[in-house]
1. For chain A, how big is the tail of P(r) above 39 Å, as a whole percent of Cα pairs?
2. Over chain B, with a Gaussian network built from C-alpha contacts below 10 Å, which listed residue (B:132, B:40, B:88) shows the highest mean-square fluctuation?
3. Ordered by packing density, taken as the mean number of other Cβ atoms within 10 Å over each peptide's residues, highest first, how do A:304-311, A:258-265 rank?
4. For the range A:332-412, just run the numbers: alpha carbon Rg, then divide by 2.2 N^0.38 Å, N being how many residues it has.
5. Taking just the alpha-carbon atoms of the range A:286-378, what radius of gyration and Dmax come out, in angstrom?
6. Kindly state, as a whole number, the per residue volume in cubic angstrom of the convex hull around the alpha carbon atoms of chain B.
7. Counting just the Cα atoms, what span does the range A:113-261 cover along each of its three principal axes? Round to the nearest Å and put the largest first.
8. Using a 1.4 angstrom probe, figure out how much accessible area the range B:7-139 has per residue, in square angstrom, rounded to the nearest whole.
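The values are calculated or read from the model by the stated rules, or taken from the named source; none is laboratory data. Quantities reported herein were computed from a predicted structural model and do not represent experimental measurements. For neighbour counting, all protein chains shown are included, and Cβ atoms are generated from backbone atoms with ideal geometry for every residue, glycine included. These area figures cover heavy atoms from the full protein model, side chains too; ligands, DNA and RNA do not enter into them. Shrake-Rupley method; radii C 1.70, N 1.55, O 1.52, S 1.80 Å.
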Amino acid sequence: MMAESQSGYNVETIRNLFPILNRKVKGRDLIYFDNAATAQKPIQVIEALTHYYSHYNANIHRGLHTLADEATAAFEATRHSIQHFIGAAVPEEIIFTKGTTESINLVASAWGNTHLQKGDEIIISSLEHHANIVPWQMVAEARGAQLRVIPIDDNGVLDMEAFQNMLNEKTRFVSIVHASNALGVINPVEDIITLAHKFDALVLVDAAQSSVHLELDVQQLDCDFLVFSGHKIYGPTGTGILYGKKALLEMLPPYQGGGEMIKEVTFEKTTYNELPFKFEAGTPNIADFIALKPAVDFIQDIGKKNIHAHEDALLRYATEKLETIDGLHIRGNVANKVSVVSFTIDDIHPQDLAILLDNQGIAVRTGHHCAQPLMKRLGIVGTTRASFAAYNTFEEIDIFAQALNKSIKMLK
Amino acid sequence: MQETRSIAAIEQELTEDFAMFETWEEKYEYLIDLGRKLPMLDASFKTDDYKIKGCQSSVWIHSYHKDGLVYFEGDSDAMIVKGLVSLMIQVLSGQKPADIVQAPLSVIENTGLSSHLAQTRSNGLRAMIKQMKLDASVYGASSPQ
């Protein structure tokens, strides 16, 4: 056992906001270490959902009644909240989607299908999630463009020299993950953006993993697009964000046609609505986006820096504990990473570990983490991944380490 | 030749074996041990042709037909799943094709192992059973009794 190390950071107060942390799994207190897949939700988020449906459920933007006004105001308040969360210049640069995956698909489709020419090059990295590989493969194939991949070393660190050599006048787009979902390794996106812009290439930052841990300022970063998901920042599922520079978003054609995204429709011609509505066809996920605001407030009330410091202390504590286990190899064991510890153990299949840990009330993720090319590059079938959030504790890591040792003993 | 015990009788016996263990640890240790004791599958059968792809682990099943009965051999790269392979082989190997196809197979649910082990698609158990039944139905069709 170890006392909380962060002065003023009261993990018990935070835990009390999360009803799910009271539940038992297999007769034991739940230890939730699958935060990189999705974070649990504080009570404010859960209450915002029920409050919306109980008090002002209405379709937004066009209704001329009180409920529609209230729902529209709450929905748009989330857009402002997200704008400030990532330092965007104006709220219309924030487009709401289903999730990170849809945000990437929107850009790949709307930009790629109108701007890519035969022979053009798109650059991604070996660390990408399938969601930042497949949409680019699809559009590259359709447009005759080429996908190039920045290599990594055995620890998952990008080969920046190779990236610099890869950039040329044919490079049109760089789509890069900020923090690897499988390993936690943080990429030097600032440098990548600066270098890519020298060749007039646009840059999309996949912030699905980083948005909850790292301070983001899109204007300072100067990224052209940035994408992430609400459910990984303690918000509801089905809430995705696409940030894009206003001039770029204005230039792009709509992604889907329908209601909400139009200005005027005749059978001869339709004119499109202004930003952000041009990209938000149909009735959006009103309730979940309204409930995303208290999630952002939760993070900002505690302070991202304070949460990050707590998570970083957990990460270092867990890393130290795991490194003492015989035959255990931490994958992506670098200093600069988010609170993800991904590992393999000699002669033990990750799936066996996950089953035995679950029997001890511990939720971790195992497998290829939707990053099969990365697993292939590292020469492994998958890893076991423990990822920590604001509400996790050092005691939980102690119990996890004990449970892990017990599982290994059972399997060896 | 030893008389073939019915699928239901073997399942009953295995269920009783598991019932002797009180804790989840003992049940899993027994399952893992069953996996360890599973005779090695010849490398020539550990190919994609014999592979049943689960989400996370791989299972290989090889079957053959002899004297009107179907025999199974198998392997997995994960220990617990290998235990499940061993269990299913104990239950289904050496049975008549029609009996295999028709077996309701309740043993995994009755062992008291965690319920997700019996349900989850990721361990490929369902796909494994489906493949074993499919093999049996092919043998059954090729040699009607």
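1. Taking all Cα-Cα pairs of chain A, the fraction more than 39 Å apart is 21 percent.
2. B:40
3. A:304-311, A:258-265
4. Relative to the rule-of-thumb radius for its length, the range A:332-412 sits at 1.10.
5. Answer for the range A:286-378, Rg first and Dmax second: 16.7, 50 Å.
6. Convex hull of Cα atoms, per residue: 112 Å³.
7. 44, 36, 27
8. 48 Å²
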